[in-house]
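Input: a single structure, listed below in structure tokens.
The values are calculated or read from the model by the stated rules, or taken from the named source; none is laboratory data. None of these values were measured; they are calculated from a predicted model. Glycine gets a Cβ as well: all are built from the backbone with ideal geometry, and neighbour counts include every protein chain shown. The area values use the complete protein model at the heavy-atom level, side chains included, leaving out ligands, DNA and RNA. Shrake-Rupley method; radii C 1.70, N 1.55, O 1.52, S 1.80 Å.
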Amino acid sequence: MAVPPRSVSEHSRRHFLGLTAGAVGATAASTLLPASLLSAVARGRPAGSLRDVEHVVVLMQENRSFDHYFGTLRGVRGFADNSAKPGVFRQSGVHPFLARDAANRGSLSVEYLASLKHEWADGQQALRHGHCDGWVPAKGKATMACYDRRDIPFHHALAETFTVCDGYFSSSPTGTGTNRNYLFSGTSGDEPWGARSVGNEMYAPVHPGFGWETYAESLERAGVDWRVYQEWDNFTDNNLDFFASFRGIGRDAVLRAGQVGVDLTGFYTLLLETGGRTANGEFTASDDQRARVDAVHRAARGLGRRAADRYDRALYRSEPGTLVSRFRADVERGRLPAVSWIVAPEADCEHPRSSSPARSAALIHGLLDALASSPEVWAKTAVLITYDEFDGYYDHVVPPLPPTGEPDEWWRGDPMGLGFRVPMTIVSPWTVGGRVSSETFDHTSVIRLLEKTTGVRCPNISRWRRRICGDLVSTFDFTRSDGIRVPEHPAVPPAGRTRWEAAPGGGFPVQETGSAVALPTPYRLSATIADGVLNLTNDGTRAAVFAVFADGSVSHHTVTGTRRIRLHRTTTRVIVTGPDRFLRDLTITAGGSSAHVGIDHAAGRVTLDGRDVTESHVHDGWYEVTVPHPTGRQYFTGRIETGRPTRTSPLRR
């Protein structure tokens, strides 16, 4: 439990924040990625397999949606998405807008946006059972604020150097606690009093802790090494704290040490209130605080071998400012576990109001530099950078929802998930190249990857989520690479500290032109209408969720093979959305048929009413067919899935 020196992380943080504050010119900041990481990327890698992934590092930051961060990034399913549900980009008369356009008022900084409402009730209101059109009534007009490359260049540079997932969803349309339950355990089960855990009641000192098994305990039972890296201030983001098997250890340690606070969360909350901060906001620990913390550490060591080991792995918190240096020390000494969870302090966690993209970028910069500075560790490590939930910030993609009554997936008439999209960037030797994965994932996919790398199964992931969500393995390329050169990136703009709520201003954000490598997905989708019957087809290897909009209602269908749905006899327009940029917008005569657009995925061909139209309607593997109708049109778009990488869709709204 010894705490490594503080100097390494301080240097890394101050160096990066110096760049973000404009302390050096663009020539000195020719790239925002660590030099060690650029060297590792340029070196390439030999051919290998999943067995070469010996370490997985999971960093889950706070409260950012995909469109909010990456809607303007080239090549992803963003603001130029031609497969978006019609009308979804205008919510109650408000369209997405750049936060910068609303920030040109005195000292307001694009870095420090306010946090919006992000709980179960308003999340369900924004979702509206899959209509995805309740954002402004639920969250306010500020929900539509977003960034572009000028605001968050580090995040864009990382995404376009490695692999970004534009089909990665939060696990539930609610707040932090529920979504982190899914990350740490594969589910968010029941509270001790019987209600489903969809809020943050777990933070209360009287909460006895959840009773189901965490994935950390599954790893422990199998003898797999794991650890949580965190500081005194962990912003209540280590959900292991809120499971009975760990919470009791923390309470016993605090009690035996004669400290106040009931449990570890309460103890550290009170402890931090007695400390001081420097002029630049850094926390300074006092000798008295260190003594109180050491007393708790000593008490934990006296709880018996098993409890002491769990405390050391899951609950131990190092002094403020030491997270990166502690992680670096374990990397350098060959002690990095098979599974690491990184829990950032409040100032670095990226939460709107409390933190900023630049502060988080400094943390990520330090962590990646620590890994890449040890080439032998970098060569066998994958880093997953994602976000627990979307705060109140908008995303346009209709999330997959479960069939009515699906076990473990409903609570009081509302779906547990999936929630809205959040960013996921996978940084590793096997994900280099600026690639985009559009496969459906959620936070349980992180555990699914860990199942593959450790051989330890999680008992809690629902049957439905295992059917529709991937395990992230498809994002890795284990063939040989001779390395790539990373383009230069501009310096980051200054970061002010005024928290504010953005007001709509400016035009619709422009997504960057150009494409990226599109990884294959496990779906082979099509949908047509014949004599009033909608035929949904998925001949792929994983179930796909179609959302069907007709007559003012929406239904969600988990499909393998073909699902036939009898439409109402008066239906004249049907919209179907699905994964990987799939859309049908079909105007028909009541009881009639759509044009028959046939998608032959194996042959790479598209037919229209039996005629081959591939040459005129397919572009880089993506098809777009428009058929006139007396009262509208019939629009068909999606990917011809051949199982091979292609380029992301060149078709734009």
Per-residue accessible area for residue 525 at 1.4 Å probe radius, Å² rounded to 10?
10
Taking amide H atoms as placed 1.01 Å from N in the peptide plane, list the residues 5 or more away in sequence, or in a different chain, whose amide H sits under 5 Å from that of residue 387.
61
In the chain, with Lys and Arg counted as +1 and Asp and Glu as -1 at Cβ, which of these residues, 58, 385, 519, has the Cα nearest the positive end of the dipole, that is, farthest along it?
519
Which order do the peptides 591-600, 202-211 take when ranked by the mean count of other beta-carbon atoms within 10 Å per residue, highest first?
591-600, 202-211
Would you list, by chain and number, the lysines whose Cα falls below 25 Å from the Cα of residue 117, excluding same-chain residues fewer than 8 positions away?
85, 139, 141
Answer with one residue from 440, 630, 343: the one whose Cα lies farthest towards the positive end of the charge dipole of the chain, charges on Cβ with Lys, Arg +1 and Asp, Glu -1.
630
What are the residues whose amide H is under 5 Å from the amide H of residue 528, where those residues sit 5 or more places off or on another chain and H is modelled from the backbone?
535
Select from 540, 592, 567 the residue farthest towards the positive end of the dipole of the stretch 499-653; place +1 on Cβ of Lys and Arg, -1 on Cβ of Asp and Glu, and compute about the Cα centre.
567
In terms of solvent-accessible area of protein heavy atoms at a 1.4 angstrom probe, what is the ranking of 38, 368, highest value first?
38, 368
So how much accessible area does residue 387 have, in Å² to the nearest 10, using a 1.4 Å probe?
10
How big is the dipole moment of the stretch 562-601 about its Cα centre under a simple scheme where the beta carbon of each Lys and Arg is +1, that of each Asp and Glu is -1, and everything else is neutral? Debye, nearest 20, please.
260
Burial ranking of peptide ranges 47-57, 310-320, 562-572 (average Cβ count within 10 Å, highest at the top)
310-320, 47-57, 562-572
Whole-Hz Karplus couplings 3J(HN,Hα) for the stretch 46-56, θ = phi - 60° and coefficients 6.51, -1.76, 1.60, Gly and Pro as x, run x, 5, x, 7, 4, 5, 7, 7, 9, 9, 10
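At 1.4 Å probe size, with every protein chain present, just tell me what the per residue accessible area of the chain comes to in Å². Can you show the working numbers first?
Numbers: 22890 Å² over 653 residues.
Counting only protein heavy atoms, the per-residue value for the chain is 35 Å².
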Short version: ³J(HN,Hα) in whole Hz for each residue of the stretch 315-321, in order, from phi by Karplus 6.51 cos²θ - 1.76 cosθ + 1.60 (θ = phi - 60°), x for Gly and Pro, what are they?
10, 4, 10, 8, 4, x, x
Could you rank the peptides 289-297, 172-180, 147-155 by their average count of other C-beta atoms within 10 Å per residue, with the highest value first?
172-180, 147-155, 289-297
Share of carbon and sulfur in the accessible heavy-atom surface of the stretch 373-526 [1.4 Å probe, %]
50
Could you rank 193, 232 by how accessible they are, 1.4 Å probe, largest area first?
193, 232
Whole-Å distance linking the alpha carbon centroid of the stretch 434-467 with that of the stretch 594-618 is 33
Ranking 233, 348 from most to least accessible area with a 1.4 Å probe gives 233, 348
For residue 78, residues with placed amide H under 5 Å, excluding near neighbours
none
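Please report, in debye to the nearest 20, how large the charge dipole of the stretch 308-407 is about its Cα centre when each Lys and Arg carries +1 at its beta carbon and each Asp and Glu carries -1 there.
The dipole of the stretch 308-407 has a size of about 380 debye.
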Quick one: Cα centre-to-centre distance for the stretch 552-573 and the stretch 93-163, in angstrom?
32
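Where a ≥ b ≥ c are the square roots of the eigenvalues of the C-alpha gyration tensor, would you call the stretch 337-396 rounded, which needs a/c under 1.5, or, failing that, prolate if a/b is larger than b/c, or oblate? Walk me through the numbers on the way to the answer.
Details: a/c = 2.55, a/b = 1.90, b/c = 1.35.
Here the stretch 337-396 falls in the prolate category.
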Could you compute how much accessible surface residue 335 exposes when probed at 1.4 Å, giving the result in Å² to the nearest 10?
140
Please report, in debye to the nearest 20, how large the charge dipole of the chain is about its Cα centre when each Lys and Arg carries +1 at its beta carbon and each Asp and Glu carries -1 there.
560
Just tell me which lysines come within less than 17 Å, Cα to Cα, of residue 452; anything on the same chain fewer than 8 places away is out.
380
